[in-house]
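Visitor: Input: one structure, supplied below.
Rule-based calculations on the coordinates, nothing more; no lab input. Computed from a predicted model, the values in this text were never measured in an experiment. Every residue, glycine as well, gets a Cβ built from its backbone with ideal geometry; the counts of neighbours run over all protein chains shown.
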Amino acid sequence: MRRLTNFRLPKPLNDSVNTNLWWLALDDHDRVLSVQPMANGSAISGENWNGDWLSPMGIDLQINGGLGLAFPELTTQNIPLLLKLLDQLWQDGVQAICPTLVSCGVAPLRQSLAVLRSARGAHRLQRCELLGAHLEGPFLSKARRGAHPQEHLCTPSLKALEERISGFESEITLMTLAPELPGASEVIEQLRALGIVACLGHSAADAEGSALAFNQGVEMLTHSFNAMPGLHHRAPGPVGQACRHGQIALGLIADGIHVDPTMAVLLQQLAPEQLVLVSDSLAPYGMQEGNHHWDERVLLVKDGTCRLKDGTLAGSTLPLLEGSRRLACWSGEPAAAIWATTMAPRRVLGESHSVHELLINQPLTDLLRWQWKADTADLIFKRAA
C-alpha cells in the first residue's frame with residue numbers, strides 16, 4: 001500500500017480548524033483509500049510531499065467560451081470543437097464548468113442550451129464536465145450592462161424567464177440579474193423554486209437594495225466590484241452588504257485588471273470563506289492575443305484581458321487556476337488561494353463535504369499538487385500523479 005505524507009490541504013484564510021499536515025493511503029490503482037491528519041512529531045513512512053498542497057481540481061462558475069467558441073453562439077457543428085475545449089480545460093486543471101451564456105436573443109439562447117445538452121452526452125473520464133449553464137442576463141441594468149448588448153436586455157418577468165428556459169430548467173445552475181429591476185423579485189422566487197442559484201450582477205443596487213435581494217434568496221455576486229456600485233465608506237454597495245451578510249458568495253476575476261490586487265486581497269481578508277475565483281474567460285481563451293470577433297463586435301485581447309474597442313472591459317482569457325496563482329502572489333496565502341478555485345465553487349453548488357472527505361475514492365491523476373515558492377512568491381500546480 002502506497003502512502004503520501006506531509007502534505008497540506010487548502011483552507012480559507014484564518015481557518016484554524018484544519019490541521020497543518022496530512023497523510024493518505026492509496027490502493028494498487030492509485031485511488032485514495034483514506035486521508036488522515038498527522039500528529040505533531042509523527043514520522044509515518046511514505047512519499048514525503050514536504051508541505052505541498054493536495055486538492056481537487058478547479059471548478060469555473062463563469063466561463064463564456066474558448067478556442068474561438070462563444071457559448072451563446074453554439075450550433076451542433078461546434079460540438080467537436082466544444083469537446084476539444086473541454087479536453088483543454090481538463091489539462092488546465094479544471095474539472096467542471098458552468099458554461100456562461102451572456103445576454104442574447106431567445107432563439108440563440110435556447111439553441112445553445114440544446115447544444116450543451118447534446119455535448120453532455122459525450123462526456124468521458126478525464127474530460128472537463130459541463131455542469132448546468134450560467135445565464136448572465138438578460139435581466140440586467142442598462143446603466144451597468146458593461147459589454148452586454150443593450151438590445152438583448154429585457155425587463156424581468158416570469159413570462160420572459162419561461163420563454164428562455166422552458167424545458168431546460170434542470171440544466172441551468174446559476175442566473176445573474178439586477179435585483180432592483182421591477183419584476184426581479186418574482187424571478188428570484190421562481191429561480192429558488194427551481195433550484196437555480198440567483199446572483200446579483202450588472203446591477204445598480206445599493207446596500208439597502210442588496211440586503212433586500214439577499215433576504216429574497218440571492219446567493220452570489222457576479223464578478224464582485226465590476227458592473228455594480230463600488231465599496232465606499234459611506235456607500236458600501238453590494239460588496240459591503242455581502243461581506244456583512246456573511247453567507248453570500250463573492251465571485252471575483254483575479255487577473256489584476258478587473259479588480260486591483262489590493263482590493264482582491266482586502267476582499268479575501270474581509271470574507272475569506274465567501275471568495276470564489278472565476279475566470280470570466282471569453283472565446284479567445286486558448287488562442288493568441290490580438291483582435292478577435294465576438295458576435296458583430298471586435299475584442300481586443302492583451303495580457304489576458306479582453307476589451308471592446310471603446311475600452312469597456314469584457315472578460316479575460318486567463319485559465320481559472322492562474323487566478324489562484326496571482327492571488328497567492330498578492331496575498332502570500334497559497335492555501336486560501338487554492339481554496340478559492342477548488343473548494344469555494346463547490347460550496348456554491350451545494351457541496352458540504354470537507355476537503356479530505358472529497359479526496360476519498362479519487363484517483364490521484366484527478367487531483368492536483370501545488371507547490372509554493374516563497375522566495376519568488378510563485379504558486380505552481382501539476383497533476384498529483
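Visitor: Roughly what % antiparallel, to the nearest 5, for the DSSP beta bridges in the chain?
Guide: Taking every DSSP beta bridge with both residues in the chain, the antiparallel ones total about 55 percent.
Visitor: Another one. In debye to the nearest 20, how big a dipole does region 56-348 give about its Cα centre with +1 on each Lys and Arg Cβ and -1 on each Asp and Glu Cβ?
Guide: 200
Visitor: Using the alpha-carbon centroid of each, what span in Å lies between region 132-188 and region 52-92?
Guide: 23
Visitor: Compute the angle between helix 320-331 and the longest alpha-carbon principal axis of the chain, please, reported from 0 to 90 degrees and rounded to the nearest 10.
Guide: Its long axis makes an angle of about 70 degrees.
Visitor: Another question, then. Using alpha-carbon pairs under 8 Å, 6+ residues apart, how would you state the relative contact order of region 272-341 in percent?
Guide: Working: 106 pairs, mean separation 21.4, N = 70.
Rounded, it is 31 percent for region 272-341.
Visitor: Amide H of THR305: which non-local residues (sequence gap of 5 or more, or other chain) have their own amide H closer than 5 Å, using H built in the peptide plane?
Guide: THR317
Visitor: If you take the charge dipole of region 56-348 about its Cα centre, with +1 on Lys and Arg Cβ and -1 on Asp and Glu Cβ, which of GLY240, LEU200, LEU109 is farthest toward its positive end?
Guide: It is LEU109, whose Cα lies furthest towards the positive end.
Visitor: Sticking with this one: Please state the relative contact order of the chain as a whole percent: Cα pairs under 8 Å, 6+ residues apart? Can you show the working numbers first?
Guide: Values: 864 pairs, mean separation 73.2, N = 385.
Relative contact order here is 19 percent.
Visitor: Go through LYS309/LYS382; LYS84/LYS309; LYS302/LYS373 and tell me which ones have a Cα-Cα distance over 31 Å in this structure.
Guide: LYS309/LYS382, as the Cα separations exceed 31 Å there.
Visitor: Under a point-charge model restricted to the Cβ atoms of Lys and Arg (+1) and Asp and Glu (-1), what is the dipole moment magnitude of region 1-152 relative to its Cα centre, in debye to the nearest 20? Don't skip to the end; give the middle numbers.
Guide: Values: 14 positive and 13 negative charges, 77 e Å.
The dipole magnitude comes to about 380 debye.
Visitor: For region 232-339, state which GluC sites (Glu not before Pro) are in a DSSP loop and have at most 14 other beta carbons lying within 10 Å of their beta carbon.
Guide: Of the GluC sites (Glu not before Pro), the ones in loops of region 232-339 whose Cβ has at most 14 other Cβ atoms within 10 Å are GLU289, GLU296.
Visitor: For region 56-348, build the charge dipole from Cβ charges (+1 Lys, Arg; -1 Asp, Glu) around the Cα centre, then report which of ILE188, TRP90, PRO229 sits farthest towards its positive end.
Guide: So the residue furthest toward the plus end is TRP90.
Visitor: Return the long-range amide H neighbours of GLU136 (sequence gap of 5 or more, or a different chain), with a cut-off of under 5 Å between placed amide H atoms.
Guide: Residues meeting the amide H criterion: LEU101, VAL102, THR176.
Visitor: Quick check on region 127-276: of the DSSP beta bridges with both residues there, what percent are antiparallel, nearest 5%?
Guide: Values: 1 of 15 bridges.
If I count the DSSP bridges inside region 127-276, around 5 percent turn out antiparallel.
Visitor: With a 10 Å Cβ neighbour count serving as the proxy for reagent exposure, in which order, fewest first, do LEU367, LEU282, LEU266 appear?
Guide: Lowest to highest Cβ neighbour count: LEU266, LEU367, LEU282.
Visitor: Once you mark the trypsin sites (Lys or Arg not before Pro) that are in a DSSP loop and have at most 11 other Cβ atoms within 10 Å, what is the longest gap between them in the chain?
Guide: My reading of the result: 1-123 is the longest stretch.
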